[in-house]
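Peer 1: I have a structure I would like to understand better, so I am pasting it below and will then ask my questions one at a time.
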Amino acid sequence: MKSRGGFYFMLMVLFASACNKFVPSQTPFTGTIEVSPCVYKIPSVAIVVDHNMTANKGRNVLWVCSGAKLKENGGNSIIFLESGAKLISRGGTNTIYAKAGAEIKSLAPGDVFYYQPGVDFKKVKGGQEGFVECTNLTFDYSEAPSGGCN
């Protein structure tokens, strides 16, 4: 290939199954993209979970407050867990951002975790999970729903 002032790159797919995987953090929800390493913006469309709640439909953006427990049964959601929040993930293929002191049970495949050391993984048994440890994981609240987790 010859380039005229630009560049080319090639993407090689090694595992076809990866092409079918839905990655919630890449959805068109505004504000779900990493601001800087381990800083994640809570978008204005986030549903504030300040009491025990079950989400059955999936494809949600959920912000779970300290002292609240979320049962996520639908999958393909983006979930922010404050310290002291609890999550039971049964839907799978969620993207989960968790601060130290959060508690997680993941019972379905494909969840991806961005977490601080000190997150309590009670049970992870779905398969094909991804783990990214972020020592300085921080939430950017600049666009979070007003009142949020106060």
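Peer 1: Could you please report the charge total around A102, scoring K, R as +1 and D, E as -1 over all other residues with beta-carbon less than 12 angstrom from its beta-carbon?
Peer 2: Around A102, the surrounding residues sum to +2.
Peer 1: Taking R0 as 25 Å, what's the FRET efficiency between K57 and K122 from their Cβ-Cβ distance, rounded to 0.05?
Peer 2: Result of the calculation: an efficiency of 0.55.
Peer 1: Could I ask something else about it? Straight-line reach from K86: which lysines have a Cα under 30 Å away, not including same-chain ones fewer than 8 places off?
Peer 2: Partners found: K21, K41, K57, K69, K71, K99, K105, K122, K123, K125.
None of the figures in this text is laboratory data; all of them are computed from the coordinates on show. Worth saying up front: this structure is predicted, and the values here are computed from it rather than measured. Positions of Cβ are generated from backbone atoms using ideal geometry, with glycine treated the same way; all protein chains shown enter the neighbour counts.
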